[in-house]
Amino acid sequence: MPDVTGPYAPGTPCWVDLMVPDQQAALDFYRDLFGWQGEVGPPETGGYAVCSMNGKPVAGIMAAMNPDGSKPDPMPPSVWTTYLATADVDAAQSRIATNGGQVMMPAMDVMTLGRMSVATDPTGGVFGLWQARDFPGAGVVNEPGAVIWNELNTSDTATASGFYAKALGIKAVPMEGATGYFSLEVDGRMVGGLQGLASIEGIPEDTPSHWLTYFAVDDTDSTVDALVRAGGNVLKAPFDMMAGRMAVVQDPQGGVFAVINATPPDQPA
């Protein structure tokens, strides 16, 4: 079901957020593209905006800033971050370090909402951890405008697979009918994907390991057209694949994400 009513199992992607130089411009862009509602948040949260669809939280957008509230110089790249649910951020941090990862942002409380951290896997893929308290994460998924898939594109599938299994209990299982692609599973349930960077056609050779967020759309081509008209950039034009019709794009500030109509081409919509 698109609405999420229960807690996310540890290891499951539970939230995504975007860090950009111009928060209001990003809020406007994603409102027009996906129909999100959101506004700059209160000062005590650093202005963090929780965007919603139909009254349910769908993603976060925040302005890039230093811990003291000043603007970074140089400004970091705009990036979408995938957060993985955990029952204990601090314990997860220890397992991450033990298994070759690095903690970039140590565990911190976010008021009464939860506890978070940001880390990298041994291949350089950046991800967040979220220990829910009052805020479990996305309240709607798998419907147009919401997150439908989270995928790790990595320089070393074996190293990454071993790390996520040991540190966070996420198993990488070869996906039937998709050579070189793995489903990420938690307690036997598929929660995401993993593939090697070398197997991605047309990707620049210097692309680092990264988590890619996919948003569901009704019509991939028209969404991409709207994105271009709004100042975005197409990295991989719409194409048909086993899960549907997808494209990889950038928002006007450089944030990379994918859009997909997840109905296979030979099936009725």
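General observations
- Number of positions in segment 122-161 that are out of contact with any Ser or Thr (no Cβ under 7 Å at 6 or more places or on another chain) and outside any strand (DSSP E or B): 14
- So residue 173, is it in contact with a strand residue (DSSP E or B) (Cβ under 9 Å, 6 or more places away or on another chain), touching a residue at least 12 places away in the same chain (Cβ under 8 Å) and either closer than 20 Å to residue 81 by Cα or in a strand (DSSP E or B) (or both): yes
- Selection status of residue 92, in contact (Cβ under 8 Å) with a residue 40 or more places away in the chain, over 24 Å from residue 252 (Cβ atoms), among the hydrophobic types (A, V, I, L, M, F, W, C) and open to solvent by 70 Å² or more (accessible area, probe 1.4 Å): no
- Filter result (open to solvent by less than 90 Å² (accessible area, probe 1.4 Å) and either part of a strand (DSSP E or B) or among the acidic types (Asp, Glu) (or both)) within segment 67-89: 79, 80, 81, 82, 83, 84, 85, 88
- Hits in segment 111-120 (condition: open to solvent by 40 Å² or more (accessible area, probe 1.4 Å) and of a type in the set (A, V, I, L, M)): 111, 113
- Among the residues here, residue 103 does not qualify as among the β-branched types (Val, Ile, Thr) and within 30 Å of residue 247 (Cα to Cα).
- Selection status of residue 179, in a loop (DSSP other than H, G, I, E, B) and of a type in the set (Val, Ile, Thr): yes
- When residues of segment 154-170 are limited to those that are hydroxyl-bearing (Ser, Thr, Tyr) and more than 15 Å from residue 89 (Cα to Cα), the one nearest to the chain's Cα centre (by Cα): 154
- Restricted to strands (runs of 3 or more DSSP E) entirely inside segment 209-269, those with at least 2 residues that are open to solvent by 50 Å² or more (accessible area, probe 1.4 Å) and within 22 Å of residue 183 (Cβ to Cβ) are 233-241.
- Residues satisfying the stated conditions in segment 14-61, i.e. of a type in the set (Lys, Arg) and closer than 18 Å to residue 83 by Cβ: 56
- Test: residue in segment 101-122 that is polar (S, T, N, Q), more than 17 Å from the chain's Cα centre (by Cα) and within 30 Å of residue 157 (Cβ to Cβ): yes
- Segment 167-187, subset open to solvent by less than 70 Å² (accessible area, probe 1.4 Å) and modelled with pLDDT under 95, residue farthest from residue 127 (Cα to Cα): 178
- Counting the residues of segment 130-165 that are touching a helix residue (DSSP H, G or I) at 6+ places or on another chain (Cβ under 7 Å) and either surrounded by fewer than 18 Cβ atoms within 10 Å (Cβ to Cβ) or not small (Gly, Ala, Ser) (or both) gives 5.
- Selection within segment 1-54 - under 30 Å from residue 68 (Cα atoms), in a loop (DSSP other than H, G, I, E, B), in contact (Cβ under 8 Å) with a residue 60 or more places away in the chain and touching a Gly at 6+ places or on another chain (Cβ under 8 Å): 36
- Annotation note: Cβ proximity below 6 Å between a residue of segment 237-248 that is more than 16 Å from residue 222 (Cβ to Cβ) and a residue that is surrounded by fewer than 20 Cβ atoms within 10 Å (Cβ to Cβ) and modelled with pLDDT under 95 (sequence gap 6+ or interchain) occurs for 243/262.
- Complete set of residues in segment 195-208 that are open to solvent by 60 Å² or more (accessible area, probe 1.4 Å), part of a loop (DSSP other than H, G, I, E, B) and polar (S, T, N, Q): none
The values are calculated or read from the model by the stated rules, or taken from the named source; none is laboratory data. Source: prediction; values computed, not measured. Here the Cβ is made from the backbone with ideal geometry for all residues, glycine too, and neighbour counts use every protein chain on show. These accessible areas exclude ligands, DNA and RNA; they are computed on the full protein's heavy atoms, side chains included. Shrake-Rupley method; radii C 1.70, N 1.55, O 1.52, S 1.80 Å.
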